[in-house]
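One structure below.
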Amino acid sequence: MKKMNFQPIKFAAISALKQNLKPGLVLQTFAGIIVALYFFVPAAKPIFDLFGNLKQQHGWLYSAVSTSIFGGLIPFIYLYVSRSFKPDQPIRIVFWFYVIYWALKGIEVDYFYQFQSVLFGSETDFKTLATKVLFDQFVYSALWAAPSISIIYLWIENNFNWQATRKGMDKQFFTVTLPANIISNWLVWLPAVSFIYCMPSNLQIPLFDLVLCFWVLILAVLNKKQSK
């Protein structure tokens, strides 16, 4: 039996580490500051109450709108203003796709967080937090979130052409690109979701949205620098 060559995955993982280490640390520091403000700075309480009450009152609708704005609209505006889209990309379609896709993703993540609370409880002790983080990153993210987003963005890169996208989903994509994306995701989101799960349930989506927005913007900046 032919042995699998792990060298390309190793090189891709090292590349992902080099590319994402600094922005990952920035995002993790940012998330840590937000959590510290919530627990240790009483003056910040009205702001947290505002977003927590909005989430409590509007439920999944809040998640849809906020994630659409932070994950879709703001990054799209940056990419458009910085002229990061290809000349042949259908900008209007890309815009509506960003907005609708991330709205649906916000609902998905909201229900996933609720599902985790049903499975493991809403406590913030070490065991509960660790279980949620591991299930989040090594089941939900590794088997669904990271692979599906990789395919979606490959589809966008190919101007929503399924035939070209299918051609792009070759052996290289599944054995190198996808594992590297999953590892890259872990580098940033393993610590980030640890902070998210420390928060009350009505503040988890607001913090997720802030981290998501900065993460997408940082990736856009890095990709732009690499393309020069």
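The figures follow:
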quantity: Listed residue (200, 118, 189) projecting farthest to the positive dipole end of the range 111-226, Cβ model; calculated: 189
quantity: Cβ crowding within 10 Å averaged over residues, with 163-176, 145-158 ranked highest first; calculated: 145-158, 163-176
quantity: Efficiency of FRET from Cβ geometry, residue 49 and residue 26, R₀ 30 Å, rounded to 0.05; calculated: 0.65
quantity: Label zone at residue 160, where the point sits 7 Å out along the Cα-to-Cβ direction: the range 96-124 residues whose backbone N lies under 15 Å; calculated: 96-102
quantity: Residue 39/residue 138 FRET efficiency (R0 25 Å; Cβ-Cβ; nearest 0.05); calculated: 0.40
quantity: Alpha-carbon centroid distance for the pair the range 159-197 / the range 86-128, whole angstrom; calculated: 15 Å
quantity: Linear extension gain, residue 57 paired with residue 91, 0.36 nm per residue minus alpha-carbon span; calculated: 8.8 nm
quantity: Peptides 104-115, 188-199, 87-98 ordered by average Cβ neighbours within 10 Å, highest first; calculated: 188-199, 104-115, 87-98
quantity: Debye, to nearest 20: dipole size of the range 14-222, +1 on Lys, Arg Cβ, -1 on Asp, Glu Cβ; calculated: 480 debye
quantity: Chain lengthening between residue 80 and residue 152 when straightened (0.36 nm per residue, less Cα-Cα); calculated: 24.0 nm
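Here, each number is a calculation from the coordinates, and none is a lab measurement. Every value quoted in this text rests on a predicted model; they were computed, and no experiment measured them. Quick reminder, even Gly has a Cβ in these numbers, built from the backbone with ideal geometry, and neighbours come from all protein chains shown.
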